[in-house]
Amino acid sequence: MTLASTTWPPILAALEGDRGTTDGLFTPVNLLIVAAAVGGAFAGSHPTGTPGLDAVYSALFAAAVTWAASRAPRGTLLWLGIVAVVMCRGRNWLVLPALVAMLLAFAGVWSRRPNPLVGALTGALAVQVVLRWPPTGFHGATALVALAAVGPCLIGAVRTLSTPARRRLRWCALGVLGLAIVLSIPAAVGAVMARSQVNQGINEAEGALSSISNGVTESGAAQLRSSSTHFASAASSTDSWWSAGARLVPVVAQQRQAVGVASAVAQKVTVTAANEAAGIHYSQLRYTDGRFDLAKLSALSGPIGIVNGQLASAVAQLRALQSGWLVQPVQTRLADLDTKVVRAQNDASLAAQLVQAAPSLLGEDGVRHYFVAFMTPAESRGLDGLIASYGELTADQGRLTLTRSGDISELNNVLAAAGGGHLSGPPGYLARYGAFKPQDRMQDLSYAPDLPTVAGVVRQLYPQAGGGSINGVLAIDPYGLQGLIGLTGPIEVPGLGQLTSANAASELIEGQYANFATTKQGQVHDYLQDALRIEFHDLTTGSLPGPRALSEALNPEVRRGQIQFWSFDKADQPVLRRLGLAGAFPTAEGHDVLAVTTQNAANNKIDPYLQRSISDAVTYDPGNGAVDARVTITLHNQATPALPSEVIGSFTTSGLPPGTNYTWLTVYSPLGLHASTLDGRHLGVAAASELGVRAYSAYVAIPAGGTATLTLDLVGLTTPGSHYSLAIRNQPMVLADHDSVSVAPDP
């Protein structure tokens, strides 16, 4: 045994001293047990979810392990020390005590005889590490490893006890288990009783929110009070005095707390919403007789703000209840309630934001002027289509008026008379489109696939073209106008006939060119501006339904980018983004972006017959964020030679056969270009920077009835991680794109 005395003199000389010090109450071993208990109390473990009680349980566990280590076989201590070191990865500050515990255990193995003080110190250090291990694997995996680590030590210590002591310990363990079962039964009964009440409360609350959104405030308030009663009953069932004993049972206590707190939170929210419902008349947001009542609109701010604050608090409280120890039924109900509260909070937050921004948007603080760009996707541009007609919408104290409208050629004539317009930016816009001289032809200002950029350009040129200063831009195409007609009713356009919510888009995009092929382009555009003027007259002098009906009616067009709106007031912009109206190009912040634009380069109206299919096959390495993408764009020209020449003809000097779709195609991506082909042959593309990403462009001619396939191989880096994120921006087209994305891990 010379090895022990020579190899470990600093350790064993200090710890193998007077064996007689192990008798009495204040022995070194007992002091270590107390110290371990104190350290365990501050470990932050959550066996019950009750802070004070959790500290007691953690302290008892640490004390038990330290006591067991003072008596257990030395091999079990070495096992405990090794596992402690292995499991503390990711938290470097735990490595030192874990290593010391392992070295002490190893030293103990080589000592001449077991030393209680060495064992107790080993256990005291190891258990502090065990209680602070970082999570690993599935929830509960760390607890299972901890049990496997300390189990042999505990069993070994029990075996050193006398037979009567082991018998007493066994009966104590059975008694504790039986008591835990007895205490858990009332909580289980309470949870079963609460389940139906929670379900009824959720159903009532959903019905109430729907009623209030539709302006039926009285019915909504009554439903909320009924919902509150159900949630209060559920909270009472789970938080009753006769189930309070379950708070002492680890894991079971968390189930009881989750159901009880969730019910109490829901009850508090519904009470608040019911009290404030009297002041939340969403019907006051209606546009009636040509105006919004701004005073009533502002009055909504207080009640909606209170409900929004209560819902935000509820979301935080429900998230705090999340725990991997919750059994599946409780997890499911809690997740269901959380989802519904989060949805309600998002709606309330948006309503609060909208009510706050709407008065200024509607001219409460001064008259607002908005440029209306009426685009036609018959001749496509990056934002949507060419700007065929324009208008100026004036907002004054809640009243909207179309104060000016006309064909876009009117503005061009003013610019031409002045020798052309002047643009001072944005630099990226001028770099990409300056060669096309957009400052001379306002119909082409919609080159960029980003409304804030296009709006900024319109803001510069409109005053030069005879207009005044503007506060924002409303961009709308025939599909957007068709959605508005669905709200106001059919309109009669002289020379074109009746436009309805079923035929307006097709008549304005295709029908007028087919039916009036012999007229001059200026006359054809008159139908567009007439439709815009007549519809906006009906829109601004009539009435509109409440916000929910309005949202449901226009949501498809807004989602597809056929109605877009941007304000230059920064206070308005967040709510416009949340509403999906902003028309902003996605940013490449840590994720991938893909956008494809085709812009008519032949001065015809052939784009309603262009079908695009866009495929993105991605290989992604989650370790370093490397992306290898093959983007395949198939363009099929469905135009036929039977169509009018204005539709399928090209500019005089083009030399293109009739029916050819000649387009300027651009692929936007933050990735670098590795290779590009057109129908299998190498294609040179122009690369530039725009909107924070790379823009790869080429001119492509697709014959009538023909197909062209462009393939780009892109490589680059995104933020590494287990999830690959891709933002796709679809250009509004008459024939909707066929998109497909596949993602595979890097082999």
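The values are calculated or read from the model by the stated rules, or taken from the named source; none is laboratory data. Everything numeric here is computed off the predicted structure, so don't read it as measured data. All Cβ positions, glycine included, derive from the backbone under ideal geometry; neighbour counts span all protein chains shown. Heavy atoms of the whole protein, side chains included, go into the accessibility calculation; ligands, DNA and RNA do not. Shrake-Rupley method; radii C 1.70, N 1.55, O 1.52, S 1.80 Å.
Counting only protein chain heavy atoms and rolling a 1.4 Å probe, the accessible areas of 61, 374, 292 rank, largest first, as 61, 292, 374.
How big is the accessible area of residue 552 in square angstrom, nearest 10, if you roll a 1.4 angstrom probe over the protein chains? In the full protein context, residue 552 sits at about 130 Å².
Applying a DSSP loop filter and a limit of 14 other Cβ atoms within 10 Å to the chymotrypsin sites (Phe, Trp or Tyr not before Pro) in segment 625-682 leaves 651. With every protein chain in place and a 1.4 angstrom probe, the accessible-area ranking of 27, 619, 652, 711, largest first, reads 652, 619, 711, 27. Full extension of the chain between residue 413 and residue 86 gives 109.9 nm of extra length, using 0.36 nm per residue less the Cα-Cα distance.
Here the Karplus relation 6.51 cos²θ - 1.76 cosθ + 1.60, evaluated at θ = phi - 60°, turns the backbone of segment 367-376 into coupling constants of 4, 10, 10, 10, 7, 9, 9, 9, 9, 10 Hz, with x for every Gly and Pro.
Once the C-beta distance of residue 171 and residue 621 is scaled by a Förster radius of 45 Å, the resulting FRET efficiency is 0.15 to the nearest 0.05.
Using the Cβ-Cβ distance between residue 679 and residue 144 with R0 = 60 Å, the FRET efficiency computed as 1/(1 + (r/R0)^6) comes to roughly 0.50.
Round to the nearest 0.05 the FRET efficiency obtained for residue 342 and residue 613 when R0 = 25 Å and r is the Cβ-Cβ distance. My answer for the efficiency is 0.10. Note on segment 114-183 and segment 617-677: Cα centroid distance 68 Å, given to the nearest whole angstrom. In segment 421-462, whose amide N lies under 16 Å from the spot 7 Å out along Cα-to-Cβ of residue 686? List them in ranges. Counting backbone N atoms under 16 Å from the label point, the list is 428-439, 447-449. Given a 1.4 Å probe and the protein chains as shown, residue 296 ends up with an accessible area of around 100 Å².
Full extension of the chain segment joining residue 541 with residue 103 gains 149.1 nm, where the gain is 0.36 nm per residue of separation less the Cα-Cα distance.
Which lysines does residue 605 reach when only Cα atoms under 17 Å apart count, and residues fewer than 8 places away in its own chain are ignored? Leaving aside lysines fewer than 8 places away in the same chain, those within reach of residue 605 are 520. Other residues within the sphere of radius under 13 Å centred on the Cβ of residue 73, judged by their own Cβ, net out at +4 (K and R +1, D and E -1).
Summing Lys and Arg as +1 and Asp and Glu as -1 over all other residues whose Cβ lies under 13 Å from the Cβ of residue 719 gives a net charge of -3. Counted by Cβ distance under 15 Å from residue 643, the other residues give a net charge of -3, where Lys and Arg count +1 and Asp and Glu count -1.
Accessible surface of residue 172, taken over heavy atoms with a 1.4 Å probe and every protein chain present, rounds to 80 Å².
Roughly how many nanometres apart are two label points built 7 Å out from the Cα toward the Cβ at residue 552 and residue 569? The answer from the label model is 3.0 nm. Note on residue 603 and residue 436: the extension gain reaches 58.8 nm, defined as 0.36 nm multiplied by sequence separation minus the Cα-Cα distance.
In this simple spin-label model, placing a label point 7 Å from the Cα along the Cα-to-Cβ direction at both residue 38 and residue 53 gives a separation of 2.7 nm.
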